[in-house]
Amino acid sequence: DGGITQSPKYLFRKEGQNVTLSCEQNLNHDAMYWYRQDPGQGLRLIYYSQIVNDFQKGDIAEGYSVSREKKESFPLTVTSAQKNPTAFYLCASSIMGQGNTGELFFGEGSRLTVL
Amino acid sequence: AQSVTQLGSHVSVSEGALVLLRCNYSSSVPPYLFWYVQYPNQGLQLLLKYTSAATLVKGINGFEAEFKKSETSFHLTKPSAHMSDAAEYFCAVSESNFGNEKLTFGTGTRLTIIP
């Protein structure tokens, strides 16, 4: 079955440590996205990538980094510079070009708790 | 620029009663509109989408939404609530833009079903 796999589902880390969240998709989608979700704030875009080896900052990119070395993979690193990293992180993908309506396909999410 | 407003961060209805979740959008061009549902600690699932075909859109689990251009609204309804409908619901908009659409989300409405 095609879909998006995020891992780990739950992650605990100490303050000051970098953390990398994995996102893999087998939908053959060109575009991939990372969102952060906090209670009452909806989804906020961290980074997105429309093509391999290229990515753009979203609305809240500070303290985060990404890479897109393969079409299928878009890992997110939460660095020690992120002031409030505890949140639920969602990875998504979409098609690009003709036929794209903006519809996103989501993974199950990763909940990061910084102690 | 596109935006979405969801009126009511929390809505409670009795089991068997009508569900109405409100969404108003702002868009400078014809929009694509979406409703997503999120169950606790999971990713978002697409309920339904409007892509400029029929203005009354039917989705999964008995939900439907009507696109009203004059009111810039895309409210979500279900005639009879079920306990399994308890979740958070997000309205989203993207602008038809030659294949480069990106979604903007509302802040979500948490639906509680009263037995």
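The values are calculated or read from the model by the stated rules, or taken from the named source; none is laboratory data. Since this is a predicted model, take the numbers as computed values, not measurements. Note that each Cβ is placed from the backbone with ideal geometry, even for glycine, and that neighbours are counted across all protein chains shown. All accessible areas refer to the heavy atoms of the entire protein, side chains included, with ligands and DNA or RNA removed. Shrake-Rupley method; radii C 1.70, N 1.55, O 1.52, S 1.80 Å.
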Just to verify a result, which residue in region A:1-32, among those that are of a type in the set (S, T, N, Q) and within 14 Å of chain B (Cβ to nearest Cβ), is farthest from A:S94 (Cα to Cα)? A:S7
Is there a residue in region B:85-104 that is over 19 Å from A:Q41 (Cα atoms), open to solvent by 50 Å² or more (accessible area, probe 1.4 Å) and in contact (Cβ under 8 Å) with a residue 60 or more places away in the chain? yes
Looking only at region A:39-74, which residues are among the acidic types (D, E) and under 20 Å from A:G97 (Cα atoms)? A:D54, A:E72
Restricting attention to region A:82-104, does a residue exist that is open to solvent by 20 Å² or more (accessible area, probe 1.4 Å), more than 13 Å from chain B (Cβ to nearest Cβ), farther than 18 Å from A:Y33 by Cβ and polar (S, T, N, Q)? yes
Would you be able to say whether some residue in region B:43-61 is touching a residue at least 24 places away in the same chain (Cβ under 8 Å) and more than 16 Å from A:E103 (Cβ to Cβ)? yes
Using the structure shown, decide if A:L115 is away from every other protein chain (no Cβ under 13 Å), more than 15 Å from the chain's Cα centre (by Cα), open to solvent by 70 Å² or more (accessible area, probe 1.4 Å) and not charged (D, E, K, R). yes
Within region B:40-59, the count of residues that are open to solvent by 70 Å² or more (accessible area, probe 1.4 Å) and not basic (K, R) comes to 5
Just to be sure I understand, how many residues within region A:64-81 are open to solvent by 10 Å² or more (accessible area, probe 1.4 Å) and either among the basic types (K, R) or over 11 Å from the mean Cα position of the chain (by Cα) (or both)? 7
